[in-house]
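Structure first, then comments.
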Amino acid sequence: MSTKKTTKAKSEGKTAAKASKTPKRKATRTEATPKKLSAIDAAAQILRASNQPMNAKELIEAMTSQGLWTSPGGKTPHATLYSAILRELNAKGSDARFQKTERGKFAANG
């Protein structure tokens, strides 16, 4: 039965090579590149500018047409937005940015 022998120099060389690598730095955001709005932030902005309640599909269309937000490729961004608005309403109550006016329609609070 034969056993594989490893030399000490080989194993030390591997760890030394790993240790000598410098950590990568994250790219920092500069003042020239503005932060993208999230879907819920863009919806709040749309509803503040609008005087009428809108449903989630109308909000997604308005956000896309005004260039405030674009879907990252999801199939149902309106369902995700609807859920996010409801979560904020449940969590913050009267302090939420939205108010539910009728079934499926939201307006800006205040």
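No lab work stands behind these numbers, since they all come straight from the coordinates. Computed from a predicted model, the values in this text were never measured in an experiment. A quick note on method: Cβ atoms are made from the backbone with ideal geometry, for glycine too, and the neighbour counts reach across all protein chains shown.
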- Message: Tell me yes or no: at least one residue of segment 96-110 is among the small types (Gly, Ala, Ser), part of a helix (DSSP H, G or I) and surrounded by fewer than 16 Cβ atoms within 10 Å (Cβ to Cβ).
- Response: no
- Inside segment 57-73, can you point out the residues that are small (Gly, Ala, Ser) and more than 13 Å from the chain's Cα centre (by Cα)? 62, 65, 67
- Residue pairs qualifying under the 6 Å Cβ cut-off, at least six apart or on distinct chains, with the first in segment 43-55 being within 13 Å of residue 100 (Cβ to Cβ) and the second being surrounded by fewer than 17 Cβ atoms within 10 Å (Cβ to Cβ), are 53/101; 53/105; 55/104; 55/105
